[in-house]
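Peer 1: What follows is a structure written as structure tokens; I'll ask about it next.
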Amino acid sequence: MSYLVIENLNKQFEEFTAIKRLNLVVKKGEFVALLGPSGCGKSTLLRMLAGLESPTSGSISIDGVDVTDFSPSQRKISMVFQSYALFPHLSVKENILFGLKARGVPKAEQEARLRDVLEQVSLTEQQHKSPGQLSGGQRQRVALARAIVSQHSICVMDEPLSNLDAKLRAEMRTEIRELQKSLGLTLIYVTHDQVEAMSMADRIVLLNKGEVQQVGSPQELYGQPQNTFTARFIGSPAMNVFSLPGQDELIGVRPENLYLTEHGIAGEVLSTDYHGDSTLLKVGLINASTVLIKVDRWQQFNKGERVCFDWELTDQHHFCSTSETALA
Ligand code: ATP
């Protein structure tokens, strides 16, 4: 059932188009990641959803109600930002309850919701501390708790994990995902990190220069990229996109799907990158293009060494060399 419906949404900043004719339908309880490189318009889109920015044209409706002209508070959307936006002079508990107090929610209900949410985000012991006495991960949990306690059914998050170190980020990814599922939250989550989007979201909206490149499940974006932008953006290291002599179209093969063999396409090793479980070879081809080949564990190659590689036809993608869209 469609819950959040965005139709023909445009945002102009004077001459500059930040979002172009965007259409999206989100189901209740769905986790949708807005993904794309810096400046692609993801925060602008999120801000329009939250009511912090007005669209130039187009409409947004939630649960059948057109909210395009509603204020942020009328929309009943909770927000979590990268900066946490906690009040430094208030305790964890006071920060979490701030919105409920402002809305005049009865005290007994506030206390009950607080107890639940502190348990959900494992902050019961920290409730009397001030944000300054917490770690980055704990502060982010306070921001999450504040969003959850509001019991709004849509939550928007803008790069909520980018201030955390890699290990904590991985833990919080799982936590947010589990909370979102158990609460049945409809979550719109902005990130520039494809790993985050791939590992957390039900569906990804991939944006570039204000335009949707592809919408689909992580598996669809990885397995059936509709253009070379998606092909290169999803997956790490990026998909190789190259042309072969005498062929008109572009070929795409992921580094993990190329393998070294006696007979195949020849190239010269330009560099090697060791990653523990794998080694990434950068190989130069005769026509001056380069490909990355991922081989198992550590394998020694000398710069300038000749190697041959190949791939299975089932791992091959085809793109038009002019439009760069996928060919059937
Ligand atoms: P990042 O990941 O770097 O935050 P983003 O995808 O969230 O990038 P936005 O912040 O949505 O990008 O910005 C999209 C484009 O719109 C950028 O080129 C930005 O410079 C421009 N932009 C955003 N806000 C304004 C504004 N108030 N006035 C003019 N241009 C703006």
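Peer 1: Sort TYR84, TYR274 by heavy-atom solvent-accessible area, probe 1.4 angstrom, most to least.
Peer 2: Per-residue accessible area, sorted high to low, gives TYR274, TYR84.
Peer 1: Okay, next question. Leaving ligands, DNA and RNA out of it, work out the accessible area of SER61 with a 1.4 Å probe and give it in Å² to the nearest 10.
Peer 2: Ignoring ligands and nucleic acids, SER61 comes out at about 20 Å².
Peer 1: So, one more: In the range 106-162, which trypsin sites (Lys or Arg not before Pro) are in a loop and have at most 10 other Cβ atoms within 10 Å, using DSSP for the loop call?
Peer 2: Passing both the DSSP loop test and the Cβ count: no residue.
Peer 1: Between the helical axis of 92-102 and the dominant principal axis of the chain, each derived from Cα atoms, what acute angle in degrees is found, rounded to the nearest 10?
Peer 2: 70 degrees
Peer 1: As I understand it, the value is the acute angle between the Cα axis of helix 136-149 and the longest principal axis of the Cα atoms of the chain; what does it come to in degrees, rounded to 10?
Peer 2: So the inclination is approximately 60 degrees.
Peer 1: When you have a sec, figure out the Kirkwood radius of the chain from all distinct Cα pair distances and drop it here in Å to one decimal?
Peer 2: For the chain, inverting the mean 1/r across all distinct Cα pairs yields 22.2 Å.
Peer 1: Mind listing which GluC sites (Glu not before Pro) in the range 6-64 are in a DSSP loop and have 10 or fewer other Cβ atoms within 10 Å?
Peer 2: In loop regions of the range 6-64 (DSSP not H, G, I, E or B), the sparsely surrounded GluC sites (Glu not before Pro) are GLU14, GLU15.
Peer 1: Normalising by the residue count of the chain, find the relative contact order in percent from Cα pairs under 8 Å and 6+ residues apart. Please list the in-between numbers first.
Peer 2: Values: 652 pairs, mean separation 53.8, N = 328.
Contact order relative to length: 16 percent.
Peer 1: Expressed as a whole number of Å, what is the distance separating the alpha-carbon centroids of the range 296-328 and the range 25-61?
Peer 2: That distance is 35 Å.
Peer 1: For every helix of n ≥ 4 consecutive DSSP H residues, a contribution of -39,500 (n - 2.57) applies; sum these over the chain, divide by its total residues, and give [θ] at 222 nm rounded to the nearest 500 deg cm²/dmol.
Peer 2: About -8000 deg cm²/dmol.
Peer 1: Share of antiparallel DSSP beta bridges in the chain, in percent to the nearest 5?
Peer 2: Working: 47 of 66 bridges.
Antiparallel bridges make up about 70 percent of those DSSP assigns within the chain.
Peer 1: Hey, got the dipole for the chain? About the Cα centre, +1 on K and R Cβ, -1 on D and E Cβ, debye to the nearest 20?
Peer 2: Using Cβ point charges on Lys, Arg, Asp and Glu, the chain gives about 1240 debye.
Peer 1: Take every DSSP beta bridge with both residues inside the range 95-244 and express the antiparallel ones as a percent of the total, to the nearest 5.
Peer 2: Numbers: 5 of 10 bridges.
Antiparallel: roughly 50 percent of the beta bridges in the range 95-244.
Peer 1: Still on this structure, please answer the following. Take the alpha carbon atoms of the range 207-265, find their center, do the same for the range 6-22, and report the distance between the two centers in whole angstrom.
Peer 2: Comparing the Cα centres of the range 207-265 and the range 6-22, I get a distance of 28 Å.
Peer 1: At what distance in nm do the modelled label points of LYS181 and PHE81 sit from each other, each positioned 7 Å from its Cα along Cα→Cβ?
Peer 2: For the pair LYS181/PHE81, the computed spacing is 3.1 nm.
Peer 1: I want to verify a result. In a Gaussian network model of the chain, Cα cutoff 10 Å, which of these has the top mean-square fluctuation: ALA102, ALA145, ALA238?
Peer 2: Judging by the Gaussian network model, the answer is ALA102.
The values are calculated or read from the model by the stated rules, or taken from the named source; none is laboratory data. Please read these numbers as outputs of a predicted model, since none were measured by experiment. Ideal geometry is used to build each Cβ from the backbone, glycine not excepted, and the neighbour counts take in all protein chains shown. Please note that ligands, DNA and RNA were not included when accessible areas were found on the heavy atoms of the full protein model with its side chains. Shrake-Rupley method; radii C 1.70, N 1.55, O 1.52, S 1.80 Å.
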